Amino acid sequence: MVSSGSKPASAKATANGDGEPVRFLKGAAISVWQNSGDDDSNWTRFAKSRWPFRSFGVSAIRGKYNIDKCSDFWNNYERDIKLAAEIGSTTFRFSIEWARIEPLRGVYDMEAVHRYHKMLDCMISHGLVPNATLWHFVHPTWFEEAGGWTKEENIPAFVKFSVKCFEWFKEKITLWATFNEPTCYMFLGFIVGIAPPGRIMDLVTAGRMLSTMLKAHTATYKAIKAAPGGQAAQVGLVSHHITFEPQGTGILYGVSKVLSDWMTYWWGWDVVHHWMMTGEFVWKLPVLGTWQRWADPAGRPPCDWWGINYYSRGIFSWYLVPSCRKAEVMTDMYYPIYPDGMYKCIKRCSEFGIPMYITETGIADARDDRRALMIDSYMKAVLRAVAEGCDVRGFYYWTLLDNLEWATGYTMKFGLYAWEPDGSVDRKLKEGSKTLVRYFKTLPDDLAGVRAAARQVQGALGDDLGVEAALEEEGVTRVAPGGKLVVAGAGKGGERSAGKQAVGMVAIG
């Protein structure tokens, strides 16, 4: 739990309160809804709508297929959990779907509860530590219709659901996250409108929603801890960490800088960081300044661990198009591969003084020619922070299978295993994913062992574990016409398809 007297997260903790070695967990993360859908929820309704361009016949979900065509984790969980174990995982992060557990207010589907028990038994039988998220963007429609997270009076409904889940599953789950990415939900749902409730530039309500959710975290934490057996639970919060920058400087990039500054603010990293450090919430609006401010009389919010979801940082060109800097390569999303940002993120979040987990990182890479490079460089950035004493206790890749990535549909291929909604590919391990498999199977399972191994590599390759050298010698410098990657030392023309060769892989352990 955070307190004013907390030691910094760089305190080099290597043993828990019982004297047992602190584990370093390795695994994949999923959202059950994104791989299963449901009968009715805020996201199921939104996915089947044509908001915000109904009159033009534009679906809310990009592409030909929707959530009704999915890999069906709900019924194939045994198969998928086994796949997670086969890549060397020791943990599995997943969501407990509120809309399945409580489809009507006060009415609990015990068959769904039983299904989750079977999932948990399956994880444990494969040696996977469950890491459960209580809210991952999806909630029942009755909650949405009641105003959702825009009304503080709705907080008790979520607290009640969370305590119920704890009572049902506490013997099998120790790691709990109250929320996944509150600021991402705020931005997508209330500022750009590509997630429910689909509002555009509703900045006042966006701030109110984020305020309510952060208060709900505190209330849920306290309720779980007060429940019988609650003191044994480790209750955390998972946040998205991204910043935005203009591609250049000077008058030409003036508008780009203004947009970048507000995009950074609207994604909420600074807002949440300030709240975590002080217990004070501040929400500002353009021109008008501070719109909402409150401070928790108890001070800093309670939190046992911090979940870092990090992918990259955004770069805007002078004409406001997502771009990247020289010596960087774009992913299929709107941002480049940027491993140094992972290291900086961990160092900043260390200020909270609590253990950290990399709860999500990954790459959208339909060609699978950048995944190995991303995994290698990002993992080394994490190991660099661990070597310097940061209390990072696990690494989760997003995600296990290619799934419906919210409004982008099945067009963004994050999965370690390829899966296609048309049935052409079913759970095939990608070549680039094998880099993660090698890390998972060679890294020690305890934090002290990981730290010692990382320091050993630092001694041989430098403070950054050779990331910059690898990027310069073998890494990507730009994307050539036709989708090939231009790499240093590639011979005539400087082009080759990137994959295993574009990785400075180091065996650790």
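The values are calculated or read from the model by the stated rules, or taken from the named source; none is laboratory data. Computed from a predicted structure; not experimentally measured. For neighbour counting, all protein chains shown are included, and Cβ atoms are generated from backbone atoms with ideal geometry for every residue, glycine included. Please note that ligands, DNA and RNA were not included when accessible areas were found on the heavy atoms of the full protein model with its side chains. Shrake-Rupley method; radii C 1.70, N 1.55, O 1.52, S 1.80 Å.
Of note:
- Taking only protein heavy atoms and a 1.4 Å probe, the accessible area of segment 214-319 is 64% carbon and sulfur.
- Lysines whose Cα lies under 19 Å from that of Lys257, excluding same-chain neighbours fewer than 8 positions away: Lys284, Lys326
- Of all beta bridges that DSSP places with both ends in the chain, some 35 percent have antiparallel geometry.
- Amide hydrogen neighbours beyond the local backbone of Asp446, cut-off 5 Å, H modeled: Phe24
- Loop trypsin sites (Lys or Arg not before Pro), segment 279-343, which have at most 15 other Cβ atoms in a 10 Å radius of their Cβ (DSSP): Arg325, Lys326
- Around the amide H of Trp306, modelled in the peptide plane, lie the amide H atoms of Met356, Tyr357, all under 5 Å away and 5 or more residues distant in sequence or on another chain.
- Residue (of Asn403, Cys345, Ser377) at the positive-pole extreme of segment 278-424, dipole from beta-carbon charges: Cys345
- Under Karplus coefficients 6.51, -1.76 and 1.60, residue-wise ³J(HN,Hα) of segment 94-109 in Hz, glycine/proline x: 8, 10, 9, 7, 4, 5, 7, 6, 10, x, 10, 4, x, 10, 9, 8
- Taken per residue, the accessible surface of segment 221-363 reaches 39 Å², heavy atoms only and a 1.4 Å probe.
- For Glu245, distant residues with modelled amide H under 5 Å away: Gly314, Ile315, Phe316
- Residue-by-residue Karplus 3J(HN,Hα) for segment 139-147, coefficients 6.51, -1.76, 1.60, Hz, glycine and proline x: 8, x, 5, 5, 6, 4, 5, 7, x
- Helices that extend 20 Å or more along their long axis by alpha-carbon positions and average at least 0.5 on the Kyte-Doolittle scale are, among the DSSP H runs of the chain, 155-169, 371-387, 447-461.
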